[in-house]
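First the structure, in the form of structure tokens, and then the observations on it.
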Amino acid sequence: MHDSSENEPERPAAPDADLSPTAQPGCGGACRTAFSTPFTMAFQPIVDIADQRIVAHEALVRGQSGESAASILAAVTPETLYAFDQACRTKAIELAARLGLPGRLNINFLPNAVYEPVACIQATLAAARRTGIAPDRLTFEMVESEDVAVPGHLRRIVETYRQIGFRVALDDYGTGHSGLLRLSELRPDSIKVDRQLVAGISEDRMRQAMMRALLGFCDEVGIEAVFEGVETAAEVGTLRALGARYMQGFLFARPALERMVESAEISWPGLHKTQG
């Protein structure tokens, strides 16, 4: 997810893996080093503007006093990448459960931190079981600002997660490495359209045409499209007219440190609930 309060892309939320310096088979020693910088999570809702309800919350890494994601990411090294990714996942799941998670939970993860999908998902599964959160309530967002060196690695991750029952999303769609080829290869449950394609869309006919076509494609193949970084009523109105339903951004709610945003807090800019 793109947090427009910062220039840095948001990164993983993960389960509380054992961060003791114990190597896992196949990790090449990269999982021996613990990540010791304290951090927590903020939660930002993803909304359904048709039904005016919150459908999910995305977990976003923060310092314990609300410091930016960038301040935590600056402490991550190649040696601590695995431990950081694992710690984020567990922190997100356990904190969300403690806060009474309504709906689904979206967790970012770094594909290059996953050396072997089955082995690396065990701590996540353990956290889900401990907290009673069913696998189908967890959506893993692939951070697509990084390239993945090993061909087929992303596909193996997606296949493994799907077999378990998790949902998978392509984050930052339309920028970086998230293009049509990757979409056709991975076939995610959802895509999160990057803020760069949302900003100013109400005045950009080319972007409107692109998003209209994208929404038509997603509808045809059963992929959920979420538009990130929505900040103005004009953007909401244009996206809604194009057929968009799911959105996330400051206009609705900012990330809330260690708490879930409630529906009553959401700003619904001039929208009328769809009659069922």
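Details
- Per-residue SASA entry for D219, accessible area with 1.4 Å probe, Å² rounded to 10: 130
- Alpha carbon convex hull of segment 170-276, volume per residue in cubic angstrom: 127
- Rg then Dmax, both in Å and based on the Cα atoms of segment 46-147: 14.2, 45.
- Counting 0.36 nm for each residue step from D48 to Q196 and taking away their Cα separation leaves a gain of 51.2 nm.
- For I164, net neighbour charge (Lys/Arg +1, Asp/Glu -1) across residues whose Cβ lies under 12 Å away: +1
- Its Cα gyration tensor gives segment 206-256 an equivalent ellipsoid, and the semi-axes of that ellipsoid, as √(5λ) in whole Å with the largest first, are 20, 13, 7.
- Compactness of segment 189-228 - radius of gyration and Dmax, Cα, Å: 10.2, 30
- Segment T77..A209, full-extension length gain: 43.4 nm, with 0.36 nm per residue of separation and the alpha-carbon distance subtracted.
- Sorted largest first by accessible area at a 1.4 angstrom probe radius, with every protein chain in place, the residues E79, E203, E94 fall in the order E203, E79, E94.
- On the basis of the beta-carbon distance and an R0 of 22 Å, R240 and S263 show a calculated FRET efficiency of 0.75.
The values are calculated or read from the model by the stated rules, or taken from the named source; none is laboratory data. On a predicted model such as this, the values are computed, not experimentally measured, just so you know. Glycine gets a Cβ as well: all are built from the backbone with ideal geometry, and neighbour counts include every protein chain shown. Surface areas here come from the heavy atoms of the whole protein model, side chains and all, with no ligands, DNA or RNA. Shrake-Rupley method; radii C 1.70, N 1.55, O 1.52, S 1.80 Å.
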